[in-house]
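Data block below; observations after.
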Amino acid sequence: MPFTMLILGASGRTGRLLVQRALSDGNGVTALVRSGSAFSMQHPNLRVVTGDVLEPDTLPEALDGCDLVISLVAPRPRRSGNVYTEGMRNLANAAIAANVRRLIAVSAEGAGVESSTLPLGYRLVRRIPIVSRLYPAIALMESELTARDDLNWTVVRPAILTNRTATGSYRVAEGTVVPDGLSISRADLAAFLLDVAENERFIRRIVAIAN
């Protein structure tokens, strides 16, 4: 049965792939974008709303008529993690107010996990300045979202994103990381997110994904 889904971060590289897949499957999509001029995709089942998770007054219109939410929000430029923390709080509260209980949030593999317990490759990634700056906010977003009992949330932790074509072959693991999985193509991540949404998988679970 098709869904109508709100996709945040729809103008990003992964977001566009997800929108295309969702529409191809016959779903309705509302794309929330910061600037309408940055999103030129058109489709009879696509609605584009200009807004921002840091501006909560823009969220009710976007949520109107939606069955679920998929969030791929990320800061631009990548200086502040407020879009993860404050933005997710705004989104979760707006979803509940709109009686939308299903929320799938893209996080990052290894977020919220004690660094010393991670494989060497992940520990090295965590030392990249931009990553080390944003990971605390991503971890806080996760902890706040997963503490809520008023949402059917799923947290998806992708490995490092690449622009490779879809392989249709990826690995998932509940919990921390996918063993020896340091990357995931955006196309495979988009396919997985749609699968989670359409088949109501991993409800109230944290799941990592990598090729």
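This table checks each residue for (1) free of Cβ contacts under 8 Å to residues at least 12 places away in the same chain; (2) under 25 Å from R89 (Cα atoms); (3) touching a Gly at 6+ places or on another chain (Cβ under 8 Å).
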residue: V156; (1), (2), (3): no, yes, no
residue: R164; (1), (2), (3): no, no, no
residue: S169; (1), (2), (3): no, no, no
residue: T176; (1), (2), (3): no, yes, yes
residue: S185; (1), (2), (3): no, no, no
residue: A191; (1), (2), (3): no, no, yes
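Restricting the first member to segment 3-25 and to residues that are touching a residue at least 60 places away in the same chain (Cβ under 8 Å) and closer than 23 Å to R76 by Cα, and the second to residues that are buried (at least 21 other Cβ atoms within 10 Å of the Cβ) and charged (D, E, K, R), the beta-carbon pairs closer than 7 Å and six or more apart or on different chains are R13/R186; T14/R186; L17/R186. For segment 126-139, a residue qualifies if it is surrounded by fewer than 17 Cβ atoms within 10 Å (Cβ to Cβ) and either in contact (Cβ under 8 Å) with a residue 12 or more places away in the chain or of a type in the set (S, T, Y) (or both), and the qualifying residues are R126, I130, S132, R133, P136.
Considering only residues that are within 11 Å of T14 (Cβ to Cβ) and of a type in the set (D, E, K, R), look in segment 184-211 and name the one that is surrounded by the most Cβ atoms within 10 Å (Cβ to Cβ). My answer is D188.
Quick check on segment 112-125: of everything there that is touching a Gly at 6+ places or on another chain (Cβ under 8 Å) and within 13 Å of T176 (Cβ to Cβ), which residue is surrounded by the fewest Cβ atoms within 10 Å (Cβ to Cβ)? Looking at residues that are touching a Gly at 6+ places or on another chain (Cβ under 8 Å) and within 13 Å of T176 (Cβ to Cβ), I get L118. Just so you know, in segment 141-150 the residues that are assigned to a helix (DSSP H, G or I) and out of contact with any Phe, Trp or Tyr (no Cβ under 7 Å at 6 or more places or on another chain) include one that is surrounded by the most Cβ atoms within 10 Å (Cβ to Cβ), and it is E142.
Determine, yes or no, whether V178 is under 13 Å from the mean Cα position of the chain (by Cα) and closer than 25 Å to R126 by Cβ. Judged against the criteria, V178 is not a match.
For every residue, the table says whether it meets (1) of a type outside the set (A, V, I, L, M); (2) within 29 Å of V172 (Cα to Cα); (3) surrounded by fewer than 21 Cβ atoms within 10 Å (Cβ to Cβ); (4) touching a helix residue (DSSP H, G or I) at 6+ places or on another chain (Cβ under 9 Å).
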site: P56; (1), (2), (3), (4): yes, no, yes, yes
site: P60; (1), (2), (3), (4): yes, no, yes, yes
site: G65; (1), (2), (3), (4): yes, no, yes, no
site: L68; (1), (2), (3), (4): no, yes, no, yes
site: S71; (1), (2), (3), (4): yes, yes, no, yes
site: P75; (1), (2), (3), (4): yes, yes, yes, yes
site: L91; (1), (2), (3), (4): no, yes, no, yes
site: A95; (1), (2), (3), (4): no, yes, no, yes
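Could we say that E109 is buried (at least 16 other Cβ atoms within 10 Å of the Cβ), charged (D, E, K, R) and touching a Phe, Trp or Tyr at 6+ places or on another chain (Cβ under 9 Å) here? In short, yes.
Just so you know, all these numbers are worked out from the coordinates, no wet-lab data involved. Being a predicted model, the structure only gives us computed values, none of them experimental. With ideal geometry, Cβ positions are generated from the backbone for all residues, glycine too; neighbour counts draw on all protein chains shown.
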